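What follows is one structure encoded as structure tokens, with my remarks underneath.
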Amino acid sequence: MRKLSWILVFFLASLSFAAGHDRVIWHRSYFVALGIDASLSVGGDLDGKGFIRSDKESNRGIFLPDIGSFPLPLAEIGVNFNQHTIAVSFGMWNIDVSYGKGSEYETGNDANYWRFAAEYRYYFFWKEDFQVGPGLGYSFSRLSVHSAAIAEDKYSGEFREAAVFAANGFALSANMRYKIRPFGMDIALRYRPMFIRSVSTDSEGYNSLSETLWHHNIEIGGKVFYEF
């Protein structure tokens, strides 16, 4: 009986030691960052050639812009838990667009673009100053294109107004960061497809599209951050 008691005590002590040995210690830190993304258009419906007609018997409708490539300055905040990073960012810029390609309405204009994004990143070698890893993100963006919509008033006739596109998207990323504590720099390559299901104007209000519009971007981003 005494021998059995000693065996039980030894077994419980072994389990306790193993549990303590395998216990994960979470190291948490926060960071703020400023940076810029270079967004490169690689194809999709936003090519400057499309036109969404409001009425088959009139010229009312919305031109789809060609957004091309553009820079996006942004700010980011986030938290690190060991090899895991969760970050949110916001960026805004006025970009040059064109629309109505091949028609009498062909125009170059500017557009206001902003994007809110959230991203999860997993970093290998997280205890080291140099870290690499993949990421997965979600974004919501708004593109307001000046004079891209043709509207009609029964008193003044045809007029132009802004068209606002709302886009959702996700991102697959490859990330690299180097820490010079408490500062650091981050470089990322992302593939970001986005889809548009609605567009709005002042005269027509909010409208759901009968077909989803898709567009694809490659982003090269760089940031500097402060970790605390």
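Since every read-out is calculated from the coordinates, none of them should be taken as a lab result. Computed from a predicted structure; not experimentally measured. Quick reminder, even Gly has a Cβ in these numbers, built from the backbone with ideal geometry, and neighbours come from all protein chains shown.
Would you compute, for the Cα atoms of the chain, the largest minus smallest coordinate along each principal axis and list the three values in descending order, in whole Å?
Dimensions of the chain along the principal axes of its Cα atoms: 102, 43, 26 Å.
Near the amide H of Glu152, under 5 Å away, which other amide H atoms are found, from residues 5 or more places off or on another chain, if H is placed in the peptide plane?
Phe159
Evaluate E = 1/(1 + (r/R0)^6) for Met176 and Asn94, where r is the Cβ-Cβ distance and R0 equals 25 Å; express this FRET efficiency to the nearest 0.05.
0.25
Any idea what angle helix 2-22 forms with the longest principal axis of the chain, computed on alpha-carbon atoms, 0 to 90 degrees, nearest 10?
So the helix axis and the longest Cα principal axis differ by about 30 degrees.
Could you give the length gained by full extension between Arg142 and Ile77, i.e. 0.36 nm per residue of separation minus their alpha carbon distance, to one decimal place?
21.3 nm
Treat each spin label as a single point 7 Å out from the Cα along the C-beta direction, and report the Ile187 to Ile36 distance in nm.
Roughly 1.6 nm, to one decimal.
Which whole-angstrom value gives the distance between the alpha carbon centres of segment 25-89 and segment 104-143?
6 Å
Within segment 147-228, list the trypsin sites (Lys or Arg not before Pro) lying in a DSSP loop whose Cβ has at most 16 other Cβ atoms in a 10 Å radius.
In loop regions of segment 147-228 (DSSP not H, G, I, E or B), the sparsely surrounded trypsin sites (Lys or Arg not before Pro) are Lys154.
Write out the chymotrypsin sites (Phe, Trp or Tyr not before Pro) in segment 103-193 meeting two conditions: DSSP loop, and at most 10 other Cβ atoms within 10 Å of their Cβ.
Loop-located and lightly packed - Tyr155.
Taking other Cβ within 10 Å of each residue's Cβ, how do Arg181, Arg142 sort, fewest first?
In order of increasing Cβ crowding within 10 Å: Arg181, Arg142.
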